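Have a look at the structure below before the remarks.
The values are calculated or read from the model by the stated rules, or taken from the named source; none is laboratory data. Everything numeric in this text was worked out from a predicted model, so none of it was measured. Every residue, glycine as well, gets a Cβ built from its backbone with ideal geometry; the counts of neighbours run over all protein chains shown.
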Amino acid sequence: MNLRQNPIYLRGERRPTRTNALSHVGTVLFIGLLVVVNYFVFLRDDASKSTPSIEHKINKTTEQPSAPTPANAPVRQPVPVPVPPMDDDPSGAVLAGKLRKGETVIEALRKLGAEGDAVKAVVREMEKVFDFRTARVGDQFALIIDGRGKIAGLDLTTSPTDKYQVRRDEDGWIARKIAVPVDIEIAQVGCTVRTSLYDSIKRCGEDPALAARLVDLFAWDIDFFQDVQRGDEVRLMVEKKHVDGQFLAYGNLLAVEYVGKAGTARAFWYEDESSDVRGYFTDEGQALKKEFLKTPLKYTRISSDYSHNRYHPVLHKYQKHLGVDYAAPIGAPVWAVASGTVTFVGAKGPNGNLVAIQHANGYTSYYAHLSKFEKGLEVGDLVDQKTVIGYVGQTGRATGPHLHFALKHNDRFVNPQKIKFAMDNPIPPELIERFMGEVGQRLEQLQSIPVQDIEEKRS
């Protein structure tokens, strides 16, 4: 049988169609035509659109998406998005934000889509009233956009009372600091100490920041970490600042009386406009500020006193301990007890990280076992009283975190807890009569202030 003969097809079977070159060419041309039609219908219109400008992107913030309009329905006007009122144009928008770590205002605005010469111009104008080197993380900014999508101004807020503004007038950009009205009330506080001064002040309805102010005020006379006892009484008159009805901060402590273990301590704020006299004084006109602070830090307890025969916890033998050890958590700030010149900053054997400061009248103070020094502190620096010079640590020969504080007078170590230091200038004779009259009135007001929990204490 010849197997190469033409095949025989049964009924119902399809004969295979024969293809040729012309049919392939037709298929290719048809597909190409479809691609061209799709490009013109779907892609050419989008490709012809230009990239939106910055002004267009800013304007988009004032638009609202609208629903499809039914046939024959009346055409409605678009409703603008409400924005905060502005001096220039109430129909604009606001690009607002907060500064982040390591970020400039221009960089922050660029991230919101605003850049160009106009942005740089308003920022340069703001520099006339605000030093951007002092800007902090969290400072608030707002770029004002008018109804045409143009930059109309810049606002900067660094605190409730520090607000800055740039606006345009006929002559160009104008920067100014906004005057924020501050209301001051005089509050009277009377409180009995139960546990700590901080807890007691808070229990009596005030912010713990007021307790910190009291500690600073009597830093030369009262050791609030050792001398305070349950039942001590404090009366005071203090300025309280408010902005828009919200408490902002405490002002001057006009009059304070503390009665406790250390005796009775009083302080009065006094300033004379006709002279340079201003500060805190006793009821006798003596300056409250003294040459040296009583302690160089806020500590939890005294772990070792000044002694000529102390048992050393590391060396296990008796030897001199010519300083005072203040136990405190690592990182607690350490202050210069008086103004002076830094003479040493660095590691010093068993003392660990050490700072030495030379003061007037032959005194030198030493601060040992620090975890680190205040940034930028160098030998030769002049420091003021209560300037932070370092932080509590456990460097050198130490069994726990603490500050070893020592004081020399004329090259001999002295007990810092027993030195009587000189006071600042008192009220001058020509002002003493006026001072005594004003202080007498405040003292009467002080002693009339009721003290919370006093009945419980006396019972």
Would you confirm whether or not the stretch 139-149 contains a residue that is of a type in the set (A, V, I, L, M), under 26 Å from His242 (Cβ atoms) and either surrounded by fewer than 20 Cβ atoms within 10 Å (Cβ to Cβ) or not assigned by TED's automatic domain parsing to the domain that holds Ala249 (or both)? yes
Would you call Ala368 part of a strand (DSSP E or B) and in contact with a helix residue (DSSP H, G or I) (Cβ under 7 Å, 6 or more places away or on another chain)? yes
Here is a list of conditions, (1) closer than 30 Å to Gly231 by Cβ; (2) free of Cβ contacts under 8 Å to residues at least 40 places away in the same chain, and Phe373 meets all of them except one; can you say which number that is? (1)
Residue check, Glu438 among the charged types (D, E, K, R) and either buried (at least 20 other Cβ atoms within 10 Å of the Cβ) or without any contact (Cβ under 8 Å) to a residue 12 or more places away in the chain (or both): no
Starting from the stretch 359-370, take each residue that is in the same structural domain as Trp335 (by TED's automatic domain parsing) and list its partners that are outside any helix (DSSP H, G or I) and of a type in the set (Lys, Arg), counting only C-beta distances under 6 angstrom and pairs at least six apart or across chains. Thr364/Lys408
All but one of (1) assigned to a strand (DSSP E or B); (2) β-branched (Val, Ile, Thr); (3) over 23 Å from Arg442 (Cα atoms) hold for Thr264; which doesn't? (3)
Do you know which residues across the stretch 229-253 are hydrophobic (A, V, I, L, M, F, W, C) and buried (at least 21 other Cβ atoms within 10 Å of the Cβ)? Val234, Leu236, Val238
Pairing a residue in the stretch 190-219 that is farther than 24 Å from Lys386 by Cβ and in contact (Cβ under 8 Å) with a residue 24 or more places away in the chain with any residue that is in a helix (DSSP H, G or I) and among the acidic types (Asp, Glu), where Cβ atoms lie under 8 Å and the two sit 6 or more apart in sequence or on different chains, gives Thr192/Glu456
Name the residue that is surrounded by the most Cβ atoms within 10 Å (Cβ to Cβ), counting only residues in the stretch 397-435 that are among the aromatic types (Phe, Trp, Tyr) and closer than 27 Å to Tyr299 by Cα. Phe405
Kindly indicate whether Lys408 is modelled with pLDDT of 90 or more, out of contact with any Cys (no Cβ under 6 Å at 6 or more places or on another chain) and not in a helix (DSSP H, G or I). yes
Which of (1) over 31 Å from the mean Cα position of the chain (by Cα); (2) closer than 30 Å to Gly190 by Cα does Lys386 not meet, given it meets every other one? (1)
Out of (1) within 13 Å of Leu407 (Cβ to Cβ); (2) at pLDDT below 95; (3) touching a Ser or Thr at 6+ places or on another chain (Cβ under 9 Å), the odd one out for Asn361 is which? (3)
Selection status of Asp272, farther than 21 Å from Met436 by Cα and not aromatic (Phe, Trp, Tyr): no
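Per-residue answers, yes or no, for (1) at pLDDT below 95; (2) farther than 16 Å from Phe373 by Cβ; (3) part of a strand (DSSP E or B):
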{"site": "Gly390", "(1), (2), (3)": "no, no, yes"}
{"site": "Thr395", "(1), (2), (3)": "no, no, no"}
{"site": "Thr399", "(1), (2), (3)": "yes, yes, no"}
{"site": "Lys418", "(1), (2), (3)": "yes, yes, no"}
{"site": "Pro426", "(1), (2), (3)": "yes, yes, no"}
Have a look at Val182, Val105, Val119 and point out the one that is surrounded by 14 or more Cβ atoms within 10 Å (Cβ to Cβ) and over 21 Å from the mean Cα position of the chain (by Cα). Val119
As an exercise: evaluate Glu271 against (1) farther than 18 Å from Lys294 by Cβ; (2) in contact (Cβ under 8 Å) with a residue 40 or more places away in the chain and give the number of the one condition it does not meet. (2)
